[in-house]
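First comes the structure, then the notes that go with it.
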Amino acid sequence: MADRIVTGTLDTFSVDSGSDVTYKGAGVGNNTGLSQRAFEVNPSTTGDITVSLDRSAGVISMEIFQDDDHSAGSAPTGYKKAFNVAQAGKGKGAVGVTVTNATKNYIVLLKLDGYSEVSYIAKVVVP
């Protein structure tokens, strides 16, 4: 398991180390736009990918899903695959998915309010 710290705004994205978390930009597939940002997690083995949003401003919700099949996989105990950050308040939240096939990539999609003050810091645990 590797811990990665991701930080971002509407215009920036960085990961503290490693190459298993990469920026995908304003979304994936046909679902792109100013009001979302995505990053990809490439696990090296099976286990649980978890993403804990430690601090954010302007993040409405986040979800995690397998790149080629949105409904594949289940959330590990104590996590959901989608979380409404705005409804929960305090700019925090967590999502997770259990990896059963390490050859698949996983997308973390953040839905944003679209304003320039958007920022986030998250811990990503990668198996």
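Things to note:
- Of all residues in the range 83-111, those satisfying the criterion of being hydroxyl-bearing (S, T, Y) and either in contact with a Lys or Arg (Cβ under 6 Å, 6 or more places away or on another chain) or outside any strand (DSSP E or B) (or both) are T100, T103.
- Restricting attention to the range 97-124, the residues that are over 21 Å from A86 (Cβ atoms) and over 16 Å from the mean Cα position of the chain (by Cα) total 4.
- Matching entry among S52, S56 (being part of a strand (DSSP E or B), in contact with a helix residue (DSSP H, G or I) (Cβ under 8 Å, 6 or more places away or on another chain) and touching a residue at least 12 places away in the same chain (Cβ under 8 Å)): S56
- Among residues of the range 101-127, those that are of a type in the set (A, V, I, L, M) and under 10 Å from L10 (Cα atoms), counted: 2
- Test for K80: is it over 15 Å from L53 (Cα atoms), at pLDDT 95 or above and not in a strand (DSSP E or B): no
- Of all residues in the range 22-39, none satisfies being outside any strand (DSSP E or B) and at pLDDT 95 or above.
- Of all residues in the range 93-106, none that is more than 19 Å from Y79 (Cα to Cα) and free of Cβ contacts under 8 Å to residues at least 12 places away in the same chain has its Cβ atom under 7 Å from the Cβ atom of a residue that is outside any loop (DSSP other than H, G, I, E, B) and polar (S, T, N, Q), 6 or more apart or on another chain.
The values are calculated or read from the model by the stated rules, or taken from the named source; none is laboratory data. Just so it is clear, the model here is predicted, and its values are computed rather than measured. Counting neighbours? That spans all protein chains shown, and the Cβs are built from the backbone with ideal geometry, glycine included.
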